[in-house]
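The values are calculated or read from the model by the stated rules, or taken from the named source; none is laboratory data. Since this is a predicted model, take the numbers as computed values, not measurements. Glycine gets a Cβ as well: all are built from the backbone with ideal geometry, and neighbour counts include every protein chain shown. Side chains are part of the model used for accessible areas, which takes the heavy atoms of the whole protein and leaves out ligands, DNA and RNA. Shrake-Rupley method; radii C 1.70, N 1.55, O 1.52, S 1.80 Å.
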Amino acid sequence: MAEVLEAAMLVCFGLSWPMNAYKNYKAGTAAGTSWQFIALITLGYVAGIAAKFVSGTLNWVLAVYLVNMVCLGANWLVYFRNRRLDERRSHAAPAPVPAAPAHR
């Protein structure tokens, strides 16, 4: 039963990653995306996978962890793509036009 509950938790979390990656891909910007958050979640999944190996409970739930990591990897790819797009836009933006001096 513990494995089923663990897998249910992973599926609930895991369903959010493809939706998040798609939303960020469509947005085309990394603004509002926290790489620290994605890194923390990645670290959490790595710890969960490591726990499976350390405890010797290599079972089907490990596959759910790995699917989640693939989806999280897609989020990393979208994040770096969007950062690159943001950087290109910032370099392509025209220089601001200085305000005309006020005449008295």
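Among the residues of the range 2-39, what is the count of those that are within 27 Å of Thr57 (Cα to Cα) and free of Cβ contacts under 8 Å to residues at least 24 places away in the same chain?
9
Just to be sure I understand the filter: pairs with C-beta atoms under 7 Å, separated by 6 or more residues or on different chains, first member in the range 40-55 and on the phi > 0 side of the Ramachandran plot, second member part of a helix (DSSP H, G or I) and open to solvent by 50 Å² or more (accessible area, probe 1.4 Å). Which pairs pass?
none
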